[in-house]
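The values are calculated or read from the model by the stated rules, or taken from the named source; none is laboratory data. Remember, predicted model here, so these are calculated numbers, not experimental data. Every residue, glycine as well, gets a Cβ built from its backbone with ideal geometry; the counts of neighbours run over all protein chains shown.
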Amino acid sequence: MRSSARKILAGFTLIELLTVIAIIGILAAIIIPTVGTVREKAQRAVDGNNIREILKAAQIYAGDNQDRLPDPFNISNAVLNSPQLAWKWPGILAKNNILTDPSFYFAKNDTAFNSNIPLQFIITPSTARNTLHPSFTNARSPSWEFVGGVKMSDAATTPVLYTRGLQANGTWSPTSGVYRDTGGFIAFLGGNISFYPNVSTPTTSPFLTNNATSTSQTKPIDIRQAIPFNTVAASTGRIYGIPPPAGGGGMVGSANGTVASRGP
């Protein structure tokens, strides 16, 4: 019996062992990327839900503020003080106790996110509650860009917030984009939230022109032409965003607001 067992073991050659290892390596090469893709899609689903909750919070805020969603340009430092205007958009929701969880503003697979959730929004204790906490603003870049100057009476197709990195040409930036240049979410006033690989083709663009007198059938691809436009500075829309700390080009939004432009 022992002799027979030795013969069986002796028949398992080095070549066969290497073949098995090679097969395992091939299977791993197939499975591991698939698992990574599934994980990335799952995180995107979380991001989409977070954007939805932020949109709802902004609409709740509007209900108590003359139907106006957060508008950093018209929020004084006495009400809320921040290093740049962009931080006032999420900050005012926290000040009003509508959305007080900072984690909603950072995507875990965003390369600009350092994996550390900010401690809090507002510096406490403070009677006025009018200063944002440095753990939220210092060397941070929210994963979303925000539109200020939107009213509940605006068109349902008005963009309210979107994944950071959308460029004026309708594509996402490979350097500042949360998902690089693979696309991003756009949330509209009417509640529609979708993931778009790009919005660079007028025939399929989800945007409608902000030019009320236009008879053109051409849809804009530049998001600045889809947000409220007004020649009066205090009444026109602006897009707010904070570039990644490591730098990144292509963003439409800026720290102190990029002004809307008249659409086609």
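A few remarks follow.
- Boolean, ILE223 is closer than 28 Å to PRO245 by Cα, within 14 Å of the chain's Cα centre (by Cα) and not small (Gly, Ala, Ser): no
- Lone qualifier among PHE73, PHE104 - being under 23 Å from ALA233 (Cα atoms) and of a type in the set (Phe, Trp, Tyr): PHE73
- From THR182, THR163, residue being under 20 Å from ALA57 (Cα atoms), at pLDDT 95 or above and under 17 Å from the mean Cα position of the chain (by Cα): THR163
- Applying the criterion of being farther than 12 Å from LEU93 by Cα and either without any contact (Cβ under 8 Å) to a residue 12 or more places away in the chain or charged (D, E, K, R) (or both) to the residues of segment 48-58, the residue that is surrounded by the fewest Cβ atoms within 10 Å (Cβ to Cβ) is ASN49.
- Cβ-Cβ under 8 Å pairs, at least 6 apart or on other chains, segment 59-76 side within 17 Å of LEU161 (Cα to Cα) and free of Cβ contacts under 8 Å to residues at least 60 places away in the same chain, far side part of a loop (DSSP other than H, G, I, E, B) and among the hydrophobic types (A, V, I, L, M, F, W, C): ILE60/ILE98; TYR61/LEU69; TYR61/ILE98
- Residue in segment 92-103 that is part of a loop (DSSP other than H, G, I, E, B), more than 15 Å from the chain's Cα centre (by Cα) and on the phi > 0 side of the Ramachandran plot present: yes
- The residue pairs whose first member lies in segment 141-163 and is on the phi > 0 side of the Ramachandran plot, whose second member is among the aromatic types (Phe, Trp, Tyr), and whose beta carbons are closer than 8 Å, counting only pairs six or more residues apart or on different chains, are GLY149/PHE73.
Per-residue answers, yes or no, for (1) modelled with pLDDT under 95; (2) among the hydrophobic types (A, V, I, L, M, F, W, C); (3) in contact with a Pro (Cβ under 6 Å, 6 or more places away or on another chain); (4) more than 17 Å from ILE193 (Cβ to Cβ):
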site: GLY48; (1), (2), (3), (4): no, no, no, no
site: ARG52; (1), (2), (3), (4): no, no, no, no
site: ALA57; (1), (2), (3), (4): no, yes, no, no
site: ILE60; (1), (2), (3), (4): no, yes, no, no
site: ASN65; (1), (2), (3), (4): no, no, no, yes
site: PRO70; (1), (2), (3), (4): no, no, no, yes
site: ILE75; (1), (2), (3), (4): no, yes, no, yes
site: LEU85; (1), (2), (3), (4): no, yes, yes, yes
site: ALA94; (1), (2), (3), (4): no, yes, no, yes
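- Count of segment 120-157 residues which are surrounded by 20 or more Cβ atoms within 10 Å (Cβ to Cβ) and touching an Asp or Glu at 6+ places or on another chain (Cβ under 7 Å): 3
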